[in-house]
1. Please enumerate the residues belonging to segment 44-71 that are without any contact (Cβ under 8 Å) to a residue 40 or more places away in the chain and more than 30 Å from Ser202 (Cα to Cα).
2. Just to be sure before I move on: is Thr81 in a loop (DSSP other than H, G, I, E, B) and surrounded by fewer than 14 Cβ atoms within 10 Å (Cβ to Cβ) in the structure I sent?
3. Tell me yes or no: at least one residue of segment 216-226 is outside the structural domain of His29 (by TED's automatic domain parsing), of a type outside the set (D, E, K, R), more than 26 Å from Leu119 (Cα to Cα) and assigned to a loop (DSSP other than H, G, I, E, B).
4. Contact list please: Cβ distance under 8 Å, first residue in segment 160-183 and of a type in the set (Phe, Trp, Tyr), second residue part of a loop (DSSP other than H, G, I, E, B), pairs at least six apart or on different chains.
5. Check off (1) assigned to a loop (DSSP other than H, G, I, E, B); (2) aliphatic (A, V, I, L, M); (3) touching a residue at least 60 places away in the same chain (Cβ under 8 Å) for Ala112 and give me the number that stays unchecked.
6. Please report, ordered by residue number, the strands (runs of 3 or more DSSP E) entirely within segment 10-55 with at least 2 residues that are touching a Phe, Trp or Tyr at 6+ places or on another chain (Cβ under 7 Å) and at pLDDT below 80.
7. Scan segment 194-217 and tell me whether some residue there is more than 30 Å from His29 (Cα to Cα) and not charged (D, E, K, R).
8. Quick check on my filter: what residues within segment 89-109 are of a type in the set (Gly, Ala, Ser) and either at positive phi or in a strand (DSSP E or B) (or both)?
Amino acid sequence: MRMAGLLLFAAGLLAAPATAQTRPLTIQHDRLPGMCLTLGGPDGASISMPCTGAGHQNFILPGPEGGPIRQGDTCLVPRGTGYYPPVFAEACDGSPEQTWTMNEERELRSAAGRCLSLLGAASRSGTPIFAGECPKQGAAHQWRATYVDFTNVIEASLESSVLPGMCLGHDTQLELYPCSDSYGQLISFDEKALGQMRLKSSCLSGGYVFGGLELGECHDIMSQKWVMLPDGAFANGRAECIEVVNEAGRDVLRTTVCGGKPEQHWIVRRKPAE
């Protein structure tokens, strides 16, 4: 009951409604939650990057009647011609190219007849976002506008409590490595709420065959939503905890039913200040 209560509480925090037009929202691809439209590409063009709460990922969106997508005193607009014109933030002028509406199909469509799209619907960081022709089908042009509170999001390594000095990480595969606070061991997650755990722009996911812990594309599923428990365990939305298991003399990572075992406890090593 205690576990279920914690997960329900965290899910409630995650689902708190956002009030559009009054506070900044992130623009995330519908199939890739946690990847945000970011003004950080070549010359400031829009690209897809992991959501961090940075200012260049937050926008004021129009209401149902349509209007500009604003960031400060600038507005999103495609620049150039052709099939894949990149999207930039430029001075607002009220033109059709800067007037957007999100419809029932979750398209962000401009009054000039273009749709915001993610090139190839790819999950990798840095994928270009452009405003091209609106396709009749496909998911590359479907979006969600979401408020995300990054107040409690941290970047840290996770050290096993039963194997001091060994951290969860990814080099050639997802396993335990000597703790180094390197890029391949830094995981971003929310300390207070249910959410994704991101490592190398991918997401930790539990519940695979034989209880394996996997790293892959991010999706809006319960096996990829995690919450840190008071005892240092990490439980997903299926009440499974990340655990170190010794199999045939080798320490491997699994997801098993949360039970308060020492093998399920982790020491959070925050990213050193730069």
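The values are calculated or read from the model by the stated rules, or taken from the named source; none is laboratory data. Keep in mind that what you see is a predicted model, and the values were worked out from it rather than measured. Please note: Cβ atoms are built from the backbone with ideal geometry, for glycine as well, and neighbour counts cover all protein chains shown.
1. Within segment 44-71, Pro64, Glu65, Gly67, Pro68 qualify.
2. So Thr81 passes the test.
3. Start the filter on segment 216-226 by keeping residues that are outside the structural domain of His29 (by TED's automatic domain parsing), which leaves 216-226.
If we keep only those that are of a type outside the set (D, E, K, R) too, we end up with 216, 218-219, 221-224, 226.
Next, only the ones that are more than 26 Å from Leu119 (Cα to Cα) stay: 222-223, 226.
From what is left, the residues that are assigned to a loop (DSSP other than H, G, I, E, B) are none.
Within segment 216-226 (the criterion being outside the structural domain of His29 (by TED's automatic domain parsing), of a type outside the set (D, E, K, R), more than 26 Å from Leu119 (Cα to Cα) and assigned to a loop (DSSP other than H, G, I, E, B)), the answer is no, since none of the residues qualifies.
4. Qualifying pairs under 8 Å: Tyr177/Asp171; Tyr183/Lys200.
5. Every condition holds for Ala112 apart from (3).
6. Working: elements: 26-29, 35-39, 46-50.
Ranges flagged: none.
7. yes
8. Ala89, Ala91, Gly94
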